[in-house]
Each structure stands twice: as C-alpha cells, then as structure tokens.
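S.K.: Encoded as structure tokens, here's the structure I'll be asking about.
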Amino acid sequence: MKRQFSLLIIFFLAVSTSVWGQKTIKDIQSFNSIHDHLRVFDPSATQIGGYLGTKISLVIERRIKAEEPSYLVEPFRHKEETRLWQTEFWGKWMLSAAAAYNYTHDSGIMSLMEKGVKELLGTQMPDGYIGNYSDSAQLKQWDIWGQKYTMLGLLAYYDITGDRSALDGAARMADHLMTLVGPGKADIVKTGNYRGMPSSSVLEPIVYLYRHTGNKRYLEFAEYIVSQWETPGGPKLISKALEGVPVAERYPHPEVWWSYENGQKAYEMMSCYDGLLDLYRITGNPDYINAVRMTVSNIIKDEINIAGSGTAFECFYKGAEYQTRPTYHTMETCVTMTWMKLCFNLLKLTGDPLYADQIEKSAYNAMLASLKDDGSEIAKYSPLGGVRHEGEKQCGMDINCCVANGPRAFVMLPSFAVMGFDNDLCINLYGTLKSGITTGGGHRVIVSQESDYPVTGREVINIDPSEAVVFPLALRIPAWSTLTRISVNDSVITEITPGEYKTIRRRWKRGDSIVLELDLRGRLYQQDGQQALLHGPVVLARDTRFNDGALSEAAVVQSKGEELILAPDPDRPSGVWMAFTCPVVLGTDLEGPGGKPRAVHFCDFASAGNTWGEDSRYAVWLPRTLNAMGTDYKGY
C-alpha cells in the first residue's frame with residue numbers, strides 16, 4: 001500500500017464517518033441487549049488503605065506517574081518496524097494511567113495523559129494509521145496487536161475527558177484497518193501470530209467504537225472477526241470451547257514455539273474472550289458467553305495454580321497439574337493481569353462470586369508478588385520458588401510488556417471492591433476501605449471497613465446511609481471460609497454458604513455495624529508428594545531470610561487433617577508483610593535432633609523473595625518426606 005496515493009480521499013472519508021458527539025453512559029448502554037448483573041461505581045468513590053492500598057499507591061507513583069509519555073510515543077514516529085511490539089507500551093500505560101486517574105483524580109496524571117495523547121495523535125498518518133510498521137510490513141507480526149492497545153488507550157482517554165480528537169483518532173485507525181482487513185481483503189486470522197489471536201483481540205476496541213458511535217460498520221467488523229475464528233486455520237475459540245476441549249490441548253504441540261501454529265498462547269486467547277464478552281452484551285448470542293464460561297472453567301481447573309496465575313513460556317500447559325515442578329518462565333504478569341481482567345468482566349456480567357474469588361486469589365498472591373518491595377519494578381515472571389528478578393528489556397526500549405501491563409491489575413481493584421446492581425450493594429474486597437456511593441435507588445451510603453485482613457479475619461463494616469433506607473447488601477463469602485460468622489448490631493446472621501454472596505436485606509440506618517469473621521485457619525494443600533500452606537486467600541512460602549534451614553529439605557508439616565497450626569510471628573524481616581511459624585519435622589533422621597517438630601517460619605508469597613536477590617530465595621512447595629509405614633506409601 002502506498003499512502004501518498006489516497007491520503008486526501010481517505011482523510012475526508014475518515015473524518016466524515018468517524019467524528020461523533022460525546023455519548024453519555026446511558027447512550028452507550030443503550031446498545032446493549034444484555035445488561036450486567038453487577039455495575040461498577042466511580043472508582044474514586046472507594047479508597048483502599050492498609051497494606052494493599054499502600055502497594056496500589058506505590059504502583060501509581062513509581063510505575064505510572066514515573067513514566068515519560070514522549071518516550072513511549074517515540075516508536076510511532078518511525079515507520080520502519082517489521083516484527084516487534086513497541087507500540088503496545090503506550091496503550092498499556094495509558095490504560096493504567098486512565099484507571100489511576102479515575103481512582104485518584106490526580107491532576108499530574110491527567111497532565112501526563114494529555115501530553116501522551118497529543119503527541120501520539122501527532123503521529124497519525126493522513127490515512128488514519130497509527131503505528132510503527134513499514135508499508136510493506138503492515139498487518140504482519142504484532143502490528144494489529146499494537147493498534148488494539150493504541151485504540152483502547154485513546155478510548156479510555158475519551159471516556160474521561162470527552163475529547164473528540166481521541167475518539168476520532170481511534171475511529172480513523174479502525175476505518176483504516178477495515179480498508180485492509182475483511183471480506184475480500186486480508187483475513188484477520190491469517191495476520192500476525194498464534195493463529196491470529198493477537199490480531200483478533202482488536203475485537204475489544206472495535207466493539208467499544210460501535211458503542212460510542214453507533215456506526216454499524218464496527219459491529220459488522222466485530223462479527224466478521226468472530227466468524228473468522230471458526231474458519232480453517234483459525235483458533236476455533238468458540239467451537240473448541242463449546243466442545244469442552246481444554247485450552248492446553250486445542251492444537252498439537254508446536255514444532256516451533258513462537259510461531260503461527262501455536263494455538264495455546266494464553267494472554268492473547270484471553271484477550272479475545274474479553275472482547276467476545278463485550279460483543280455478547282450487544283448481540284446476546286448465547287454461544288459467546290457459554291464459550292467464555294466453559295473456557296474459564298477449564299482454565300480454573302487445569303491451568304491456574306495455587307497462587308492465582310499460570311502458563312509456561314506464556315502458554316497454557318496444564319499448569320495446575322505441573323505446578324509442583326520447577327518450570328521455566330511461568331506465571332507471566334501479563335497473564336495474571338489478563339486473567340484478573342477476564343474474571344472481572346465475567347463477574348460484572350454474571351454476578352457469580354466464583355470469579356471474585358479468583359480475582360482475590362490472584363491479587364493477594366501472583367499480582368502482589370510481581371511488585372518489587374519498593375514499587376520500582378514489576379517482574380515479568382513470579383514463579384513459585386527461586387529468586388525473583390527484573391525482566392528483560394524488549395524491543396530496544398527500557399521497558400517490557402509486563403512492566404507496562406502489570407499496573408492495570410493493581411488499579412482495577414478499586415472498581416472491584418464495592419459494586420452494585422439497581423438498589424443493591426455488593427462487597428467483594430475486604431480490608432481497610434471506605435466507599436461513598438449512591439445506590440440504584442438514589443440513596444447516598446458510606447461503607448467503612450476496618451480490618452487488617454487478610455492478616456486476621458475479623459472485619460468491621462460500618463454502614464452510614466444519608467437516611468434510613470431498605471436495601472440488600474451482599475457480602476462475598478470466600479469458598480475457603482468454611483466457618484464464617486456474621487452479625488449485624490450483635491444480631492447473628494445464619495445460613496451462610498462458602499463460595500456465595502450472603503445478602504442481608506434490612507432497613508439500614510446510621511450507626512449500623514456488621515461484624516464479619518472469616519475462617520483464617522491455616523490450610524495444608526498436598527499434591528504429588530509436595531506440600532503448600534495457605535492462610536485464607538494467601539499462599540505461604542519459606543524464605544532464606546528466616547535462617548531456619550535449607551528450603552529444599554524434605555519435611556512433614558504437622559496438621560490436623562488439612563488444618564494447620566499457624567502462629568503469627570511479629571518478629572519478621574524488613575519488607576515482610578505477614579509471618580507465621582508452623583511445626584514441621586525436617587529431614588529424614590527421626591532419631592536425631594531433627595526428628596521432632598520444630599517451629600519453621602513462613603511468610604506471605606508476595607513478600608517472599610521481594611528483595612529480588614539471593615538473600616531472599618524462597619519456596620512455596622515443600623517435598624514431603626516419605627513414610628513407608630504410613631498411608632501415603634503406595635508401594636504394596
């Protein structure tokens with residue numbers, strides 16, 4: 001394609017079809033035939049304190065506000081790329097900056113976004129293209145993937161500011177893409193990598209553009225993308241899901257891992273499913289949501305490990321089965337973030353607390369573990385044992401995909417914490433929180449939570465409505481909390497089921513208080529002759545900073561069935577959030593000094609290894625010493 005031959009014609013067509021007045025939220029929702037079960041409040045209505053809030057603030061200050069937009073825009077000024085992915089970094093950063101601004105209303109973040117958008121739009125070609133690929137390389141490798149993130153970033157900025165230049169810029173990009181891809185043109189699933197999944201994930205901003213503009217060409221293009229998934233060579237994201245084919249088995253093991261033939265690429269696959277849920281909201285096609293729910297069920301069963309992430313070399317590989325084995329390049333932070341985002345999308349649509357439990361599991365373990373203690377860096381991989389370290393620099397830039405993407409998981413949590421539907425309130429996240437929200441019935445309510453959860457399980461929730469009013473309030477009861485107690489103003493609430501929401505409907509008035517006591521008894525999890533310890537949603541790990549023996553030494557953790565005897569240890573190393581001791585028999589010499597239980601230290605998985613050095617080598621899995629006289633011996 002030679003841009004110079006059709007610049008003026010394409011420019012005026014793009015402007016005439018793509019400039020739209022700002023749509024209200026009601027206008028945007030009017031395009032949906034399926035409405036969410038749970039709605040998201042203004043993120044700034046909820047402020048998160050405590051340990052988690054501190055980490056979110058660190059990410060905002062040291063990973064989002066510290067970024068220089070001009071540096072991220074620079075690749076767009078050069079149209080020479082043929083294979084790399086520099087153009088994803090700007091969009092990922094813009095998405096995290098937009099979410100951080102929505103949470104904090106920090107004018108400094110707004111200034112950075114304004115600069116980033118202005119400079120980026122200054123690189124837009126008259127034909128609408130924003131990217132860094134040469135004319136002959138467009139549509140190849142990661143070109144459309146980068147365009148996806150650019151569109152998403154521009155649309156996130158438009159949603160905040162109503163700046164029509166951002167909406168128009170995204171629409172002109174889509175219009176240009178549609179001149180090259182579609183029926184009679186390039187096939188979307190034959191572009192880029194991994195059976196077209198990276199390119200196909202452009203579905204998400206295309207659906208957003210339809211919602212914002214009402215232009216049916218975008219809806220038609222979205223449906224085209226999905227239809228191509230089922231063509232020969234496509235990723236079969238709907239049919240294989242509905243047939244129940246596990247995500248790790250959808251295609252043969254590729255001869256060349258980083259190739260078009262690899263159909264197990266996790267991050268890109270989940271990104272496609274995220275867009276499919278947005279298309280489902282518009283069309284109501286049941287195959288769309290059923291395909292996503294069945295796929296997510298399989299991912300939970302086969303892929304997500306004890307710490308709430310998975311994959312190896314960024315692909316599904318039956319990670320839950322192999323999680324006890326040391327594995328190269330596991331638990332990529334981009335995978336963790338996208339998994340949390342997909343679960344959040346399903347939670348909004350369905351109201352199923354299964355997805356909320358998954359978000360909590362990932363947040364307190366894999367997500368927090370990716371962050372260096374001082375917030376200066378986000379790891380690319382956070383394996384279940386070893387030493388954490390900085391990821392490689394990518395594409396000739398001082399950044400990589402996970403450093404750009406990881407902050408999005410942290411700044412998603414304020415939207416997840418307290419949600420609602422119509423006149424309901426729904427609390428998903430516990431800890432130190434304060435939410436000032438307006439119910440669907442128009443009543444102003446302040447919800448204050450006082451707790452050091454998940455260090456301890458006692459949560460005091462104060463309800464302060466502007467006036468006495470009847471509404472249902474739902475509390476998420478984690479699936480692991482088998483003995484949960486709830487009282488309202490000292491009146492005991494009964495019929496509490498783990499893994500469900502407990503809805504309390506009453507006339508709420510100022511001064512009402514809920515006491516929620518979650519079951520934080522330690523739990524022992526065993527698999528393949530290995531042991532792991534859990535404290536509520538938190539995975540525990542050994543860390544060399546405790547100086548209590550070799551991490552690899554065989555052990556028998558003392559427990560009563562699956563219940564552990566955990567004792568909080570306030571004397572913990574610097575940078576460790578929570579620490580416990582548990583009685584453990586170490587080694588194989590029953591007659592020697594190690595033959596009796598001794599107190600061994602454990603800390604939360606996120607703190608383990610957070611110096612990113614040999615001084616904090618860590619391990620989640622402990623090899624269990626075999627007892628040939630015991631029931632764990634299967635040799636006879």
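S.K.: Under a straight-distance cross-link criterion of Cα-Cα below 17 Å, which aspartates and glutamates are reachable from residue 140, leaving out those fewer than 8 residues away in the same chain?
M.R.: By straight Cα distance, residue 140 reaches 80, 81, 88, 187, 261, 268.
S.K.: If contacts are Cα pairs under 8 angstrom and at least 6 residues apart, what is the relative contact order of the chain in percent?
M.R.: Values: 1328 pairs, mean separation 77.0, N = 636.
About 12 percent, as a whole number.
S.K.: Find the relative contact order for segment 522-623 and round it to a whole percent, using C-alpha pairs within less than 8 Å whose residues are 6+ positions apart.
M.R.: It rounds to 34 percent for segment 522-623.
S.K.: Can I ask one more? Taking amide H positions as placed 1.01 Å from N in the peptide plane, with prolines and chain starts having none, which residues 5 or more places from residue 564, or on another chain, fall under 5 Å of its amide H?
M.R.: Those lying under 5 Å, H to H, from residue 564 are 522, 523, 524.
S.K.: Counting only residues 5 or more places away or on other chains, whose amide H sits under 5 Å from the amide H of residue 371 once H atoms are built in the peptide plane?
M.R.: The list, which skips near neighbours in sequence, is 379.
S.K.: What's the long-distance tail for segment 425-517, i.e. % of Cα pairs beyond 21 Å? Present the calculation step by step, with values, prior to reporting the outcome.
M.R.: Numbers: 1107 of 4278 pairs.
Value for segment 425-517: 26 percent of Cα pairs lie more than 21 Å apart.
S.K.: Give the lysines whose C-alpha is closer than 22 Å to that of residue 434, dropping any in the same chain fewer than 8 places away, or say none.
M.R.: Cross-link targets: 55, 348, 361, 502, 509.
S.K.: Order of 401, 343 from fewest to most other C-beta atoms within 10 Å? Provide the component values of the computation, followed by the final result.
M.R.: Working: 401 20, 343 27.
Going from least to most buried by this count: 401, 343.
S.K.: Going by amide H atoms built from the backbone, whose H comes under 5 Å of the H on residue 304, apart from near neighbours?
M.R.: 320
S.K.: Could you run the Karplus curve 6.51 cos²θ - 1.76 cosθ + 1.60 with θ = phi - 60° over segment 244-251 and give me ³J(HN,Hα) per residue in whole Hz, x for Gly and Pro?
M.R.: Taking θ as phi minus 60°, the curve returns x, 6, x, 5, 7, 10, 6, 9 Hz for segment 244-251.
S.K.: Let me know the charge dipole size of the chain about its Cα centre in debye, to the nearest 20, where only the beta-carbon of Lys, Arg (+1) and Asp, Glu (-1) is charged. Don't skip to the end; give the middle numbers.
M.R.: Working: 64 positive and 74 negative charges, 181 e Å.
Using only the charged Cβ atoms, the result is roughly 880 debye.
S.K.: Quickly rank 96-103, 235-242, 139-146 as a protection proxy: mean count of other C-beta atoms within 10 Å, highest first. Intermediate results must be reported in sequence, preceding the final value.
M.R.: Numbers: 96-103: 25.2, 235-242: 21.2, 139-146: 23.2.
With the highest mean Cβ count within 10 Å placed first, the list reads 96-103, 139-146, 235-242.
S.K.: In whole Å, largest first, what are the principal axis extents of the Cα atoms in the chain?
M.R.: For the chain, the Cα spread along each principal axis is 86, 64, 46 Å.
S.K.: Where in segment 27-110 are there trypsin sites (Lys or Arg not before Pro) that are in a DSSP coil and have at most 16 other Cβ atoms within 10 angstrom of their Cβ? Please report the intermediate quantities before stating the final value.
M.R.: Values: sites: 39, 55, 62, 63, 65, 77, 79, 83, 92; in loops: 65, 79, 83.
Answer by residue number: 65, 83.
S.K.: Picking from 275, 312, 260, whose Cα lies most toward the positive end of the charge dipole for segment 251-382 (charges on Cβ: Lys, Arg +1; Asp, Glu -1)?
M.R.: 275
S.K.: Check the straight Cα-Cα distances from residue 216 and name the aspartates and glutamates below 18 Å, setting aside those fewer than 8 residues away within the same chain.
M.R.: Straight-line reach from residue 216, under 18 Å: 27, 168, 175, 204, 278.
S.K.: List, in order, the whole-Hz ³J(HN,Hα) value for each residue of segment 608-624 obtained from phi through the Karplus relation with A = 6.51, B = -1.76, C = 1.60 and θ = phi - 60°; use x for Gly and Pro.
M.R.: Those phi angles translate into 4, x, 7, 7, 6, x, 5, 6, 9, 4, 9, 8, 7, 8, 10, x, 8 Hz.
S.K.: Still on this model: Whole-Hz ³J(HN,Hα) for each residue in segment 439-455, computed from phi via Karplus 6.51 cos²θ - 1.76 cosθ + 1.60 with θ = phi - 60°, x for glycine and proline: what do you get?
M.R.: Working through the residues one at a time gives 6, x, x, x, 9, 7, 9, 9, 10, 10, 10, 10, 5, 9, 3, x, 5 Hz.
S.K.: I'd like the projected area of segment 522-623, averaged over all directions, using the convex hull of its alpha carbons. Report it in nm² with one decimal.
M.R.: Numbers: hull surface 25.4 nm².
Averaged projected hull area, Cα only: 6.3 nm².
S.K.: Which loop trypsin sites (Lys or Arg not before Pro) in segment 530-636, with loop taken from DSSP, have no more than 15 other Cβ atoms within 10 angstrom of their Cβ?
M.R.: On the way: sites: 542, 545, 560, 598, 617, 624, 634; in loops: 617, 634.
Filter output for segment 530-636: 634.
S.K.: Can I ask one more? For the chain, what does -39500 (n - 2.57) per DSSP helix run (n ≥ 4), summed and divided by total residues, give at 222 nm, in deg cm²/dmol to the nearest 500?
M.R.: Values: 19 runs with 216 residues, N = 636.
When only DSSP H runs of four or more count, the value is -10500 deg cm²/dmol.
A short reminder: the numbers here are calculations on the coordinates, not readings from a lab. Here the structure is a predicted model, which means the values were calculated and not measured. Quick reminder, even Gly has a Cβ in these numbers, built from the backbone with ideal geometry, and neighbours come from all protein chains shown.
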